[in-house]
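In what follows, a single structure is set out as structure tokens and then discussed.
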Amino acid sequence: SIMIKDQLDPRNTRFMTSQPPLSEAVTRFKQAAEEILSTYEARKPQRSVQVTPAQIVDAIEQFLSITVRTDRMEGETGPLATDDVDQLADYGLSLLMDLSEWAKLLSCQNAYAELQKVSLAATDWIIRHQGQIRALEPVVNAFAEVANELREPGELERMAQFMGRVLKVTADFIQQDLEKTNPGRPWRILHLNRGIVATRSHNVTLMQQVFDDLVQAVPEDAPGFFREGMEQMEALNYPPEVREVMSRYYTAVTRPTMH
């Protein structure tokens, strides 16, 4: 899973919302798919691949048409009468991750970025229909890609809140966090990235909420997170109230307890 950069690329200043509405996501997907398919056709590999980008594109189109139809027929929120949301979610997000891998392989950067926004629109759909997220990695990668481009405090706040909603609907077996030896596990990365996004929003109330969640969910990572946070406070000249919160948590998690 991808980590968010602490220090941002100043070139990315365009205004962005974290997840496009479904109708816009469908359009974004079509553009991304065209770029990937034409690039693939131009450099078709000699050996045959088991699953071609075209097959993945077809499957994602089916998935997106189900989501759009569901919202139209059953309303935009609430549990679904017909389809199993969890199974659909798993299927759609995994396919989007597979196509993202092709985009990377074919150096289609623009298509890759668009697919991450589509993944977040799909994630939003899952949450709206009270589904569970069992394929967390594509969601975490999408958050990292999009969050690196956000600048406005309000956008960063909304992003941190969206990440929080994802944490709540992540499947129990992921939340139990049993594979602690794997530093790249999406559950860990999502908590750390949410901490970075909240810090960058400069909203101290949100920071405290997110930091409390982080300390509880990944306690062994908290000291390192706040230590790096303190270094960033210096390097990036954060406002005093933001420093104060970071410093308080740093002291709390690194101070040896009295026996």
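The values are calculated or read from the model by the stated rules, or taken from the named source; none is laboratory data. These numbers were taken from a predicted model, which means no experiment stands behind them. Cβ sites come from the backbone with ideal geometry, for glycine too, and all protein chains shown count toward neighbours. Ligands, DNA and RNA are excluded from the accessible area calculation, which covers all protein heavy atoms including side chains. Shrake-Rupley method; radii C 1.70, N 1.55, O 1.52, S 1.80 Å.
A few comments on the model shown:
- Where trypsin sites (Lys or Arg not before Pro) in DSSP loops with at most 12 other Cβ within 10 Å are excluded, longest remaining stretch of the chain: 48-179
- Partner lysines whose Cα lies under 19 Å from the Cα of LYS30, excluding those fewer than 8 positions away in the same chain, are identified as LYS104, LYS117.
- Taking all pairs of distinct alpha-carbon atoms in region 208-258, Kirkwood radius in angstrom: 11.2 Å
- Using a probe radius of 1.4 angstrom, the carbon and sulfur fraction of the accessible surface of region 135-186 is 52%.
- Mean separation of Cα contacts under 8 Å (6+ apart) over length of the chain, as relative contact order %: 23 percent
- Degrees, to the nearest 10: 85-105 long Cα axis against longest axis of the chain: 90 degrees
- Exposed GluC sites (Glu not before Pro) absent: longest stretch of the chain, with sites in DSSP loops and at most 15 other Cβ within 10 Å deemed exposed: 77-178
- Under 5 Å between amide hydrogens, built in the peptide plane, is the criterion, and for GLU149 it picks out nothing among residues at least 5 positions away or on other chains.
- Modelled FRET efficiency - R0 22 Å, ASP172 with ASP212, Cβ distances, 0.05 increments: 0.60
- Amide hydrogen proximity for ILE133: with H placed 1.01 Å from N in the peptide plane, the residues at 5 or more positions away or on another chain lying under 5 Å are THR170, ALA171.
- For region 66-197, the calculated P(r), taken from all Cα-Cα distances in 10 Å bins from zero up to the bin holding the longest distance, is 12, 41, 37, 10, 0 percent.
- Rounded to 10°, Cα long-axis angle of helix 53-74 versus longest principal axis of the chain: 80 degrees
- Only lysines eight or more places from LYS180 in sequence, or on another chain, were considered; those with a Cα closer than 21 Å are LYS168.
- Space enclosed by the convex hull of the alpha-carbon atoms of region 150-259, per residue, Å³: 117 Å³
- Where the chain is the region considered: accessible area per residue in Å², 1.4 Å probe: 51 Å²
- Computed lengthening from ARG151 to ARG255, 0.36 nm per intervening residue step minus Cα-Cα distance: 34.1 nm
- To put it simply, the accessible area of region 191-233 at a 1.4 Å probe is 48 percent carbon and sulfur.
- Of the chymotrypsin sites (Phe, Trp or Tyr not before Pro) in region 197-259, those whose Cβ has at most 10 other Cβ within 10 Å and which sit in DSSP loop: none
- Working value for the chain: equivalent-ellipsoid semi-axes of 34, 21, 18 Å, each the square root of 5 times a Cα gyration tensor eigenvalue, largest first.
- Approximate spin-label separation SER65-GLU41, in nm, with each point projected 7 Å along Cα-to-Cβ: 2.0 nm
- Between GLU179 and VAL204, the contour length at 0.36 nm per residue exceeds the alpha carbon distance by 5.9 nm.
- Of every Cα-Cα pair in region 53-127, the percent that sits beyond 19 Å: 34 percent
- FRET efficiency for GLU76 and VAL49, using Cβ-Cβ distance with R0 set to 35 Å, rounded to 0.05: 0.40
- Between the Cα long axis of helix 22-42 and the first principal axis of the chain there is an angle of about 70°, rounded to the nearest 10.
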